[in-house]
Amino acid sequence: MSPRTLILKTIGLFGLWILLSGKLDAFHLSIGFFGAALIAWINTEPQHLDEPPLPLARLVLYLPWLFWEVVKSSLNITKIILDPKLPINPRLVQYPTNLGSNTAVVLLGNSITLTPGTVTIEVSSSKLVIHALDDESSNELESRSMEQKIAEVFHSRGQT
Amino acid sequence: MITLYHFFFLTITILILVYMYRVFRGPTVYDRILGLNGISTKAIIMLTILGSLYERLEMFVDIALGYAVLNIIGGLAVGKYLEQKRTREC
Amino acid sequence: MLTVDTLLIFIGLFFLTVAAIGVIRLPDVFSRSHALGITDTLGNFFVLTGVAFYQGLTLADVKIFLILLALWHLNPVISHATLRAALRNGVRPWIKEKK
Amino acid sequence: MTLFDDYLLLLLSVVTALGAVFVRDLLSGVLTLAAYSFFLALLWAGLGAVDVAFTEAVVGAGLSTLFFLVALFLTSHQEEVHKRLQVRMVTLGSLGVLGFLLLFGSVDLPVVGDPESLPSKHVSSHYLRKSLEETDTPNVVTAVLADYRGFDTLGETTVIFTAGIGCWMLLRRRDDSAT
């Protein structure tokens, strides 16, 4: 591991320590610093060099959109559950994707699961198997708006 | 004095009992695990509400954070376990 | 006295209750996990932000935010792991009978 | 009104404990046990013992579940039902006697927080008054567990020392060529 990542990791962990302990005297700060340095030094996992770095700025823009989607589909599922007739129509959907990078596919799968009404069951780099609860959420899935958003975030070749 | 927070606490207790029903009834192992996952999420919420009730939120939040992190590790371990071991339905 | 925090917690508790009803009513593991999804996302969000508003802005709020982040990030992973194990071990999803 | 929460928590822990016993599937039993020890942790937290609660939540509910799971990897997770009536009656009888004895013993316990009870008159008042200036620990329970009892029972420090060595052995950096 290069010294730069070591230092960055240490600073990140030290920041987390300060947030969690909330004490700013020399004793706690020094313990936190040594702990952070030790953990950063122990964790010498090789970085996944083939993955592009996360585009953090555009990811921050993506999150409010995701939150709005979650709210919408939650209200939909709430209606279904409270309906005395229970109008569900569960099915498994095969969902081929060509987002390219693994990080993007993981983000897509996680977003789909986070949205109530759809759950990712199987993931590979080119295909997802998704369980959809009712017609509306599977239609939402077919429209592929989420994949387009993620493709925009990653600027990859997400042809839809 | 009974405040609204006592009412919240009572509601979450009832919800946990509802999930316990799912855990007892099954019918598959996965239903039970799902129910327990729900219970642990409720338990984290319960901790924060209990913290507000006792006016010692900062202490309870620490416990909740530790529990959340380890709960996640436990959930993943259960998933891995079930995948490696073919299970009979019960 | 209905303040911001109690209002938010009431909304959250509503979603939590709906999720519990769903876990009882829905027919199989896969659809029950959808009901649990409501809890994991919206219910947690509303209750925890409500509790965070309770004492004003303190360090505890940062930790509540971290808990929320952890739950939002990793609950999908857990439910995905459970359901994948269920599917691979031969649990078939419940399908509506054709009339 | 703390009794209200205590009763609810006790109800939950009894329900989860019964669940852990009666669920036929070992895996679900382990998970219910985790929920049980979590509610126990909530009770500790309610009594003001932060780090006992923290340990219970992290170790009891988190880590020991993992260990049980690892043990389950090696066995079948279906419980074999013993149908012999005689054995069950003996178990039931001895558990009944044990439960009665425990309940009988709990009658004489002092009320929590009673200033006139015997435990409150001994060293506890010293701990309550002096623990902050003597140990610099804001929580009294932590001070008693880690500072006062840390050295008068040798076990406490030995356990922590051994745990530290264990962590070091597990976490130390190995040479890249070795693995």
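Structure values in brief
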read-out	value
14 Å beta-carbon shell around A:L141, net charge (K/R +1, D/E -1)	-2
Most mobile listed residue (C:L71, C:L13, C:L87) in chain C, GNM with C-alpha springs under 10 Å	C:L87
Extension gain, D:K121 back to D:L101 (0.36 nm per residue minus Cα-Cα distance, nm)	4.5 nm
Cα gyration tensor category, rounded, prolate or oblate, for the stretch A:56-154 with a/c compared to 1.5	oblate
Charge context of A:V93, other residues only, Cβ under 14 angstrom, K/R +1, D/E -1	-4
Highest-fluctuation residue, C:V77, C:V23, C:V47 considered, GNM on chain C with Cα pairs under 10 Å	C:V77
Options B:Y30, B:G51, B:I63, ranked by Cα towards positive dipole end of chain B, top entry (Cβ charges)	B:Y30
The stretch D:1-76 - percent relative contact order, Cα under 8 Å, separation 6 or more	27
Cα gyration tensor shape for the stretch D:123-173, rounded if a/c is under 1.5, else prolate or oblate	prolate
Approximate spin-label separation A:R58-D:E156, in nm, with each point projected 7 Å along Cα-to-Cβ	5.7
Per-residue [θ]222 nm for the protein assembly as shown (sum of -39500 (n - 2.57) over DSSP H runs n ≥ 4, rounded to 500)	-23000 deg cm²/dmol
Test item: Cα-centred dipole of chain B, Lys/Arg +1 and Asp/Glu -1 on Cβ, debye	480
Full-stretch length increase - A:L6, A:F27 - with 0.36 nm per residue and alpha-carbon distance subtracted	5.3 nm
Taking A:F14, D:F67 and counting other C-beta atoms within 10 Å, the order from fewest to most	D:F67, A:F14
Average partner coverage of A:18-27, which counts Cβ from other chains inside 10 Å	2
Candidates A:T78, A:T118, A:T103: whichever shows maximal mean-square fluctuation once chain A is modelled as a Gaussian network with Cα springs under 10 Å	A:T78
Selected from D:V123, D:L33, B:F8, residue furthest toward positive end of dipole (the protein assembly as shown; charges at beta carbon)	D:L33
At most 15 other Cβ within 10 Å, DSSP loop - GluC sites (Glu not before Pro), the stretch D:1-80	D:E79, D:E80
Relative contact order of chain B, pairs being alpha-carbon contacts under 8 Å that are 6 or more residues apart, as %	28
Within the protein assembly as shown: Cβ-based charge dipole about Cα centre, in debye rounded to nearest 20 (Lys, Arg +1; Asp, Glu -1)	1760
Cα shape, chain C, gyration tensor, a/c 1.5 rule	oblate
Farthest positive-ward along the protein assembly as shown dipole, Cα basis, beta-carbon charges - from C:L68, A:T78, C:L26	C:L26
Test item: Cα-centred dipole of the stretch C:4-88, Lys/Arg +1 and Asp/Glu -1 on Cβ, debye	320
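Every number here is computed from the coordinates shown, using simple stated rules; none is lab data. The model shown is predicted, which means the values in this text are computed figures rather than measured ones. In this analysis, Cβ positions are derived from the backbone assuming ideal geometry, glycine residues included, and neighbour counts consider all displayed protein chains.
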